[in-house]
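Following: one structure in C-alpha cells, then a few remarks.
Every read-out reported here was derived from the displayed coordinates using simple, explicitly stated rules and does not represent laboratory data. Keep in mind it's a predicted model, so treat the numbers as computed, not measured. Here the Cβ positions follow ideal geometry from the backbone for every residue, glycine too, while neighbour counts run over all protein chains shown.
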Amino acid sequence: MKSKVSILMMSFIVSILTSFAQANQPIYQMASKIPFFRGANLCAYQDAFSQTRTEYLREMVQLAQGLMMTGAYGAEAQAMLQEFSQQYDRNQAFASRHDQLSLTLESTFKAYLSQIERSINPLVTRLNLVDVSAQASLPVHLIAYGVYSLAPNCRGDIQVTLHIISLTTHKEISFISQGLPKNVMGSIASQVYTQYQRTQFPTQLQTNRGTVQLIGAANGNVAFVSDPRQAQAYCEAKGARLPEDYELEAADVLGDWSGGVSLNDKIWALKNNYVYASYIKSAVQSRIVHRSQISSTNQFYYYCVKN
C-alpha cells in the first residue's frame, strides 16, 4: 500500500511540474517541410582562387610532362588532362545532386532532432514539427529553409546553414555547421534543440515555499563571476536577489530542458559571500560553505530571482 501511495504521489508531482513547466515556457510549432537549396561550390571557388594563373599553368605543364614521360604524345597528354578534369567535375555533380542531397539533409536533421529529444526526455516538448498539409488546424510559429555547398577543403565535407524564421516576430535565427553529409546535421540539430528547448528567462519556478521568478544573470541566461559578491551586487541593482539553496535545488529538479536550471556539479553564488557547492554528494556534509573555504576555482555561477 505504501509503495502505491508513493507512486501516486510521484505521478501527482510530475503532473504538476509538467503543467507548470508548460505554462511558463513557450511552445513552438515548426513546419516539418524544410527545403534545402544549393549554394556556391566553395570547393571549386577555393580551388580556382588558391593559385595564381602562373602557378596553375606551371602545375598543368608539370602534369603534362609527367604523362609524356610515360609515353603519351602532347595531344594525348592534353586530352587525358581534360578527361581527368571532366571526370572530377562529373563525380562532384553526381555526389551533390540537389534532389538527393536536399532530401538527405532534411531527413537526417529530423532524425537527429528526434534522437536528442528521446535521449533528454523533457517534461514538455517545446519544439514540435508539424505536417502542415495533414494538420492544417495547428498553428505554425516557425518555418525553416537551408542552404548547402561543398566545403572549401574539398574533402567531401559540406557546409550547411539552416535559417529559422518566426512568423510571429518575423525574426530569423541561423545555424551553421560543416562536416560530412551524414554528420553535419547532427551539429545543427543540437544547436536548434538548445535554442528552443533550453529554459528561457524570465520564467516562473514553483518551490515548496511559494513561486519565484527566475530572471537570469547579466547575460540574460546563466553566467559566472570571480567573486560571489559581484553576483549579489548585480542582482540587487536589478531589484532582485540571488536564489536560496532550496530554490537552486527546486530549479535543478526541472533541469535546463524542462523550465529549470541544472546545477551540473558547479559552484553557485549565494548571498553574503557564501556559495552552494553542488558537487558535494555527502548526506552529512553541507553544500553551503563560505567563499573562503573554496580555493579550487574562481568561477561562481549565478542567476537572479524575484519574489
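Residue-wise HN-Hα couplings along the range 191-202, as the Karplus relation 6.51 cos²θ - 1.76 cosθ + 1.60 with θ = phi - 60° gives them from phi, are 5, 5, 4, 4, 4, 9, 9, 4, 3, 10, 8, x Hz; Gly and Pro carry x. For the range 179-188, backbone phi angles converted through the Karplus equation (6.51, -1.76, 1.60; θ = phi - 60°) give residue-by-residue couplings of x, 5, x, 6, 10, 4, 6, x, 5, 5 Hz, Gly and Pro being listed as x. At an R0 of 41 angstrom, the distance between the Cβ atoms of GLN213 and LYS182 translates into a FRET efficiency of 0.40. Summing Cβ point charges (Lys, Arg +1; Asp, Glu -1) relative to the Cα centre of the range 129-247 gives a dipole of roughly 120 debye. In this label model, ARG229 and TYR246 are separated by 2.9 nm, measuring between points 7 Å along each Cα→Cβ vector. Taking amide H as placed 1.01 Å from N in the peptide plane, THR207 has its amide H under 5 Å from the amide H of VAL212, each at least 5 places away in sequence or on another chain. In this rough spin-label picture, where each label sits 7 Å from Cα along the Cβ direction, the ASP265-LYS238 distance is 2.8 nm. Annotation for the range 235-307: trypsin sites (Lys or Arg not before Pro) lying in DSSP loop with at most 12 further Cβ atoms inside 10 Å of their Cβ are LYS281. Backbone amide hydrogens, once placed in the peptide plane, bring LEU129 within less than 5 Å of MET30, excluding anything fewer than 5 places away on its chain. Taking label points 7 Å from Cα along the Cα-to-Cβ direction, LYS110 and ASN272 give a separation of 5.7 nm. If you bin all the Cα-Cα distances of the range 219-296 at 5 Å, starting from zero, the percentages per bin are 3, 14, 25, 27, 19, 9, 2, 0. If the chain linking SER174 and VAL253 were pulled fully straight, counting 0.36 nm for each residue of separation and taking away their Cα-Cα distance, it would gain 25.3 nm.
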